[in-house]
Structure formats: structure tokens, C-alpha cells
1. Quick one: order TRP431, TRP121 from most to least accessible surface, probe 1.4 Å.
2. For the chain, what's the relative contact order in percent, using C-alpha pairs closer than 8 Å and at least 6 residues apart?
3. Between the range 372-447 and the range 80-137, what's the alpha-carbon centroid distance in Å?
4. Please say if the range 491-572 is rounded, prolate or oblate, where rounded means a/c under 1.5 for a ≥ b ≥ c the square roots of the C-alpha gyration tensor eigenvalues, and otherwise the choice is prolate for a/b larger than b/c and oblate otherwise?
5. What are the residues whose amide H is under 5 Å from the amide H of LEU79, where those residues sit 5 or more places off or on another chain and H is modelled from the backbone?
6. Considering amide H positions built from the backbone, and no H for Pro or chain starts, which residues 5 or more places from THR313, or on another chain, come under 5 Å of its amide H?
7. Where does helix 173-188 land angle-wise versus the long Cα axis of the chain, in degrees 0 to 90, nearest 10?
8. Which aspartates and glutamates, on any chain, are close to LYS74 with Cα under 12 Å apart, when same-chain ones fewer than 8 places away are left out?
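The values are calculated or read from the model by the stated rules, or taken from the named source; none is laboratory data. Everything numeric here is computed off the predicted structure, so don't read it as measured data. Positions of Cβ are backbone-derived with ideal geometry, glycine not excepted, and every protein chain shown enters the neighbour counts. The area values use the complete protein model at the heavy-atom level, side chains included, leaving out ligands, DNA and RNA. Shrake-Rupley method; radii C 1.70, N 1.55, O 1.52, S 1.80 Å.
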Amino acid sequence: DGTEPSHMHYENDENYFRGYEWWLMKEAKKRNPKIKLIGLPWAFPGWIGRGEDWPYDYPDITAYYIISWILGAKQYHDLDIDYIGIWNERAFSSKYIKLLRYTLDKHGLEQVRIIASDNLWEPISFVMMIDSELHEVVDVIGAHYPGTKTVENAILTGKKLWSSEDYSTFNNDVGAGCWARILNQNYVNGNMTATIAWNLVASYYEELPFGRCALMTAQEPWSGHYKVESPIWITAHTTQFTQPGWSYLQVDGHLEGGGSFVALTDGLGNLTIIIETMSHNHSKCIRPPLPNFNVIPQRATFYLRGSFSMVKTLQVWHSRLDFESGNSSLFQKLHPLQVWRGRFSLDLNVDEVYTLTTLKTGWKCGYPEPPPPQPFPSIYNDDFNIRNPPFSEAPNFADQTGVFEYFVNASDPGDHVFTLRQVVVQRPITWVSDADQTISVIGNFKWVNMTVTCDIYIEKPRDGGVFIAGRVDNGGIYVRESKGVFFWVFADGTYRVTADLAGKEILMKGLAGVRDNAWHTLTLNIQGNSASGLLNGYPLWENVTVSKPGNGWAALGTRSFEFAQFDNFHIE
């Protein structure tokens, strides 16, 4: 869904105040100091590969880059990173993993554990079985979207098994059903003791890939509107009554009538049981496909033995997902349940979640009514004139390739001291197909007619170039395919109008007289099937016919991975 700024854009660069993740980790720790923090690279800056699109040719450099981030988290934010991953859903290197462990230990980071390989169960499990040194340094095997199943080799390693990325499903009640089912069944079927949801909060434009595939929704920073969706309360059924460090009891958690239960303890006498009876059609996740199964109403009887035979009452929390009327009841406290001589029974309907627990700390917190939703403002300005910005990036801009940061232009005589600058100057070691151009999108995807104006400054001589655009229809993992109306100017004095980010579909071209290291103002006007462009307030091209796409975001960006600056951005 876009790019994030690295703590090291270049080899000689370190900055631990970029992006939103530092803020997010500190906010999470405020709410639960026991929460675990995990670092996992999706992409790497290009300099790590020394020109190769591969992070393992110089494993010492990659390890240094990762360890810098862990040390920076501690030094600048007092955050302890608990686990570190290898490379999201891409190849691992045994040599690199061993070197990472060695380097962590050398820097006094013995407590940071290694998780591998954030892909499938194989080949990591097999390689660990035949390489004892690798087996020693990997603490957790993490698989993505395992469909609640594991493989024999993974179990044979004796390591902790995690579903280290899962869910990724639209956050309506079916998404809640998916989440309820896998939170239990990842352990019941697959012995996994952690399940991590991608993603936490949908705070990106909904028309980007995987819109609203989050536990809750907060995608209107301009209005402040947000929605606490049902997956949040499904989460609470587990996370309010357990903590990292609790242990699953090794019981067969399959219910006879379908559905599942898990039981956990803190080892100090507390017990939490979570039951789910999600039906097949109301609990499909985005992936993998879900084989058919049946769930029927049933009466379940539980027996508490050993140290739990002393338990006399259990607190009861209940959710029922109602797909008929849409009136789901979420995370309601019911009357406590009396345990009689170590046994109790419960009548379970379909699509329900129960938590039964000795803890009395459960709490359905209230929150003020969020502001009403509003579309993105139809007139929008940003002059980037901010001396001490709270974040490194300007609000509402969603970088899709490259990184656009606030910049202080100390040498400028005055008009353009505070600007927005594209700062990634080498193609990253990418996770997916980033574009060959840099681009940041902004606005309302439904916009049809618009005027976009921006001051631009090309820094790269000869073949440098920048653009402003409208009706941009794609981003995230599909950014290479982005179409729209793109108005480019180049350091060689030419201009182009194209129907795509790649610049292949040329609608108009000519001479503009723009040069590098000077400020110019571009204006793009799109009305119906016609577009026109102004340079420094004077018409440069007009009556260019535009057909598809019919709507989309505004955008700005550069021809390649190059420095360029933007100022006085305006949309109407």
C-alpha cells in the first residue's frame, strides 16, 4: 500500500525519527507495556546490495543495517525490540541468519530473538533439520497465511511455531469471523502460539490494494472519522484475558458439533478459555481457500482438573455475529458462570465467541463518538512551511514509490526555504515491483475534474524530470500499472503528457524551456475528456483528449530515483 522511509536512505545516513512506526510502537507500549515488538524488512535501501537487487551478497552490511535500527529504537525511543525477521515473503540465507545472530550477540542484543522465514513452512523447517547451527539460532518459525495447518518438519524442529502474518481480510463481520476462527484454530490445528494480523488499522486510501483489510478503520485524517470494527472486539476476547508469556494447555480443542476452543494459563492459577463456533461461509479469510465444514448448535461440557478443580466461578464475555439482521452483539459481559465440582456446561449457537476466565479485569471501553465522515477537501493547499514538523512526511500524501520528505532549503533566498523533497536516489531492493519512477498520491479517488498546481525544482541535470498528475488509478503493489494524466517536464527543456506513469503512452510532447536547479510552476487542468497544461501561468499545451481512467487521485513525482523538490501544492 505504499513505501515507508528507511532509517538509512544512504550509507552515511542515520535518522531514527522518520515515518510513523516509532510513534506507533510507543503508543502501543503505553496501552500494554508487555506487548512484543517485531522488526521485519519488506524492502531494503539499494546501497545494501552494492548495485545488486539482493540483500545477501554482503550479509555483514545487511546485518549492520538491521542492528542499527534495533539500537536506534533503544537509544532514541527507549524501545526494546523483542524479535527480528529476515525478509518478508522472500528468500532467506542461512549464512546471513547465522551472521545476524553473531552480530546481535556482539552488540549485547542476546535477548533479541530471530524469527524465520516469514514465508511458507518450507524450506526453512527442512533446512533447520539438516543444519544444526541454523537450528540453534532460529527461535521461532513464522509462516504466512498457513490456513491453520503446519507441516511435520516444523513440528519436529521443536521450535515455537507462529502464524507471523495472517487475516488480511475486509473488516466486516465475515472478517471478524475469519479472525475468530484462525485465532483459535491456528493453535488447535497447527500448534501455533501466535497469530499476527495484517494489518492493524486501515489508515491508507481505501482504493489502494487490500482496502480496509485491517482490524479497524481510520482512513480519513482530514475529518478525524474512524470506526472500531468488529474484528477489534474479537481480538479482545483473547488479548484482554491473556498476555505474552501465558501458555496454551495441550488439549484437543475441536468441538464435536464444529468450532473450537483453546485454554491458556499464566501458570499462577489463572485460566482463560476461548470458544468459537464460526460457520464456513461467515469465516472465510482472503487466503488460503477454506475447505468445507459444518457447525451446528451444541451443548459443550468442560471438566476442570488438577489445580483448576478449585475454580468456583468464571467470568463470561460473549459475542454473536448476526448475519441475518446485521445486529451483532460484540464483547458483552454476561453473568458469571458457576463451576460445579469442576464441571460446567454451555449451550453454543453458531457464529459465537465466548471467553470464560478467572480474570476480573475485562473491560469494554467506551469512546467518544468520532467526527462524521467527510470526503477529502475539494480545495486543498500545502506550502510545506513548517519549521519543526511532528512527522518527516507531509500529511495526506501517500508515497507509492520513493519517499517524499519535508526539506529545509538553507540556500534559498526566501520563497522556497521549506519544501517537499523526493530523497530516494537508488532503486531499492524491492519486495514487489515498485515503479521505475517515484510517485506520491493524494486526494479523493472519485475525483473526475480537477486543477493541480505545484512549484517544481529539478535537481538532476541533463536527464532529470518531474511530473504532476490527475486521475491516477493505481498504487501499492500495482503501482507500475498506474494510469492517469501525467504532465512531465525535463531538465533538457522538453515536456510530455502521458496516460501512464511508465511514460509509454504519449499524448503530447514538445519544448518547454524548463531547466534544472530553477523553480517553475506547473498547472494541470482536467475537465471531462480534455486536459491542458500551464507553465509559469502561461498555456503550454491544451485540448489533449483523455479517455481512461475516468477518475483518480492527484499525484506528483519524478522521472527516476532522483532528488527533486515540490512547493506550494494546490488542488481544486
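1. Per-residue accessible area, sorted high to low, gives TRP431, TRP121.
2. Relative contact order here is 12 percent.
3. Taking the Cα centre of each part, the range 372-447 and the range 80-137 sit 35 Å apart.
4. Here the range 491-572 falls in the rounded category.
5. Distant-sequence amide H within range of LEU79: LYS74.
6. Close amide H contacts, sequence-distant or interchain: VAL339.
7. Compared with the principal axis, the helix lies near 50 degrees.
8. The qualifying aspartates and glutamates are ASP82.
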